[in-house]
Amino acid sequence: MKKILVTLSILVLVIAMAGIATAGDVPTPTEAPAGVKIISAADAKNQISNIKVFDMRKALNFGKGHLPGATSVPYKWTKKGHPSQRTGEFDVSKLPADKNQKILFHSDGPNGWKSYYASKKAAEMGYTNVLWMREGFATWSEKGYTVEH
């Protein structure tokens, strides 16, 4: 009986660890948070000169390439777990003083929850023109759009 319990305990642990390992593969919602509008990479490209872009990826990834004129504002997780229940933070002092300015958040792509949470936070702070490029940097670069280094 003891051997069965040990085996079951190990099995539960292995299953739990597998769930943690794949949590990063969970796609972001297909609908934007309240007060946020989803924008495609193509639409972002067409409006890039009129948008303040915030890249929520790690500084290392930003350094490898980013959207023209983007500002690096790495989003840091403060609570791990399933992406839909994580919490995090970023330097909100880098956001514009004008809460009516058009601002765009992006991270890696549809599995990049950092930009989802950052755009949600900006809307909660009273920003009125918040855009979320759900497709992220992956789609931007796949389409061959201009990338700065």
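The values are calculated or read from the model by the stated rules, or taken from the named source; none is laboratory data. Treat the numbers as computed from the prediction; the structure is a model and nothing was measured. Every residue, glycine among them, receives a Cβ derived from its backbone with ideal geometry; neighbour counts consider all protein chains shown.
Taking the condition of a type outside the set (Lys, Arg), surrounded by 14 or more Cβ atoms within 10 Å (Cβ to Cβ) and assigned to a loop (DSSP other than H, G, I, E, B), does PRO68 pass?
no
Are any residues in the stretch 124-140 crowded, with 20+ Cβ neighbours inside 10 Å and not basic (Lys, Arg), and if so, which ones?
Residues satisfying the conditions are TYR127, VAL130, LEU131, TRP132, MET133, GLU135, GLY136, PHE137, TRP140.
Looking at the stretch 58-83 only, could you name the residues that are within 18 Å of GLU135 (Cβ to Cβ) and hydrophobic (A, V, I, L, M, F, W, C)?
Matches in the stretch 58-83: PHE62, LEU67, ALA70.
Kindly establish whether LYS76 is at pLDDT below 95 and either closer than 22 Å to PRO29 by Cβ or surrounded by fewer than 12 Cβ atoms within 10 Å (Cβ to Cβ) (or both).
Here the answer is no, as LYS76 does not meet what is asked.
What is the residue count in the stretch 54-65 for residues that are surrounded by fewer than 21 Cβ atoms within 10 Å (Cβ to Cβ) and either within 11 Å of the chain's Cα centre (by Cα) or touching a residue at least 12 places away in the same chain (Cβ under 8 Å) (or both)?
Residues meeting the conditions: 7.
Report yes if some residue within the stretch 94-109 is assigned to a helix (DSSP H, G or I), surrounded by 12 or more Cβ atoms within 10 Å (Cβ to Cβ) and not β-branched (Val, Ile, Thr); otherwise report no.
no
Go through (1) at pLDDT 95 or above; (2) assigned to a loop (DSSP other than H, G, I, E, B); (3) more than 19 Å from ASN100 (Cα to Cα) one by one and return the number of the condition THR28 breaks.
(1)
Output the residue which, of all residues in the stretch 34-52 that are out of contact with any Phe, Trp or Tyr (no Cβ under 6 Å at 6 or more places or on another chain) and crowded, with 20+ Cβ neighbours inside 10 Å, is nearest to LEU95 (Cα to Cα).
Ranking the qualifying residues of the stretch 34-52, first place goes to ILE51.
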